[in-house]
């Protein structure tokens, strides 16, 4: 589903290279975890996959279902089924959460050539998804993410993911700032969305999240490259021993 070939990318403003020859393949149905020390390029990779303009690709390619997405803007990538859950979801005062969800869902449907949802059908889908994620309906009446706790923001993003039904889900340190209860709820939501035709990329510092979202593969990112790949036991190894041995070998 996702194939990254010899990717090089830099910050557009100052030309600092962050991604330096990264190769990665993620298959449909797979949960792939990307781990690595601070500054290794994990969040940068998520931004590049989603099409953020702050970064520019200088070499290599990103293929999604066999098609290069480098020339697609964020909206086009989203319409094709790529979803990014941010580490720090932004607050948008004045934009009602329900209105945001309805516009997002209908925009996706329009891009796919489908009819817009009627209001009763939209309400039914939101109510069902919110109940599964244990989201208080009152939260959905507020402006998007405004006044939400860290856990509420992450749950709201998982709700968006459930409603938009993307094919490639990218979770950028979605465990950041969550207590154990909130982490379990978010992880349960992610696990419930696992499908044979959907891939999930989980970016995280810590093995803790991977107790709840069990990965099929674990990739270690260091200085803009994947330097080691293994199964879920690699995450346990990193938790026990840290990154020093692996990054030392890669240096």
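All of the numbers you see were taken from the coordinates with simple rules; none came from a lab. On a predicted model such as this, the values are computed, not experimentally measured, just so you know. Methodologically, a virtual Cβ is constructed for each residue, glycine included, from the backbone with ideal geometry; neighbour enumeration extends over all protein chains shown.
Distances over 13 Å make up what percent of all Cα-Cα pairs in region 17-66? Before the final figure, lay out each step's value.
Numbers: 787 of 1225 pairs.
Across region 17-66, Cα pairs with separations above 13 Å total 64 percent.
In deg cm²/dmol and to the nearest 500, what is the mean residue ellipticity at 222 nm of the chain if only DSSP H runs of at least 4 residues count, each as -39500 (n - 2.57), divided by the residue total? It would help to have the intermediate numbers written out before the result.
Values: 8 runs with 89 residues, N = 251.
Mean residue ellipticity, 222 nm, calculated: -11000 deg cm²/dmol.
Can you give me the convex hull volume of the Cα atoms of region 59-108, divided per residue and expressed in Å³? Kindly include the intermediate steps, with their values, before the conclusion.
Values: hull volume 5.6 nm³, N = 50.
So the per-residue Cα hull volume is 112 Å³.
When only C-alpha pairs under 8 Å and at least 6 residues apart count, what is the relative contact order of region 1-145, in percent?
Relative contact order comes out at 22 percent.
Taking 8 Å as the Cα distance limit and 6 or more residues as the minimum spacing, I'd like the relative contact order of region 1-74 as a percentage.
On the way: 123 pairs, mean separation 30.9, N = 74.
Across region 1-74, relative contact order equals 42 percent.
How would you rank 204, 217, going from fewest to most other Cβ atoms within 10 Å of each one's own Cβ?
Values: 204 24, 217 18.
By the 10 Å Cβ count, ascending, the order reads 217, 204.
Sort 153, 27 so that the residue with the fewest other Cβ atoms within 10 Å of its own Cβ comes first and the one with the most comes last.
Working: 153 22, 27 12.
Ranking 153, 27 by Cβ neighbours within 10 Å, fewest first, gives 27, 153.
Could you tell me whether region 129-207 comes out rounded, prolate or oblate from its Cα gyration tensor? Rule is a ≥ b ≥ c as square roots of the eigenvalues, rounded for a/c under 1.5, then prolate if a/b exceeds b/c, otherwise oblate. If you can, show how the numbers build up before the last one.
Values: a/c = 1.82, a/b = 1.25, b/c = 1.45.
Oblate.
Over the alpha-carbon set of region 174-232, work out the extent along each principal axis and list the three values in angstrom, largest first.
So the three principal-axis extents are 32, 30, 17 Å.
Report the gain in length on full extension from residue 192 to residue 239: 0.36 nm times residue separation, minus Cα-Cα distance, nm rounded to one decimal.
Numbers: separation 47, 0.36 × 47 = 16.92 nm, distance 2.57 nm.
The residue 192-residue 239 span can extend by a further 14.3 nm.
At residue 3 and residue 76, where each label point lies 7 Å from the Cα along Cα→Cβ, what is the point-to-point distance in nanometres?
2.0
Please report, largest first and rounded to whole Å, the three semi-axes of the ellipsoid equivalent to region 1-118, where each semi-axis is the square root of five times an eigenvalue of the C-alpha gyration tensor. Write down the numbers at each step before the final one.
On the way: eigenvalues 150, 66, 39 Å².
Gyration-tensor ellipsoid for region 1-118: 27, 18, 14 Å.
Give me the base-10 log of I(q)/I(0) for region 62-164 at each q in 0.12, 0.23, 0.24 Å⁻¹, Debye formula, one uniform scatterer per Cα, rounded to two decimals.
Those come out to -0.43, -1.31, -1.37, one per q.
Between residue 107 and residue 38, what FRET efficiency follows from the Cβ-Cβ distance if R0 is 30 Å, with the result rounded to 0.05?
Between residue 107 and residue 38 the formula returns 0.30.
Distance from the Cα centre of region 49-77 to that of region 213-241, in angstrom?
Comparing the Cα centres of region 49-77 and region 213-241, I get a distance of 24 Å.
Which values, in whole Å and largest first, are the semi-axes of the equivalent ellipsoid of region 81-220 obtained as the square root of 5 times each eigenvalue of the Cα gyration tensor?
Whole-Å semi-axes of the equivalent ellipsoid: 24, 18, 13.
Binned at 5 Å from 0, what are the whole-percent values of the Cα-Cα distance distribution for the chain, short to long?
Over the chain, the share of Cα pairs per 5 Å bin runs 1, 6, 13, 17, 19, 17, 13, 8, 4, 1, 0, 0 percent.
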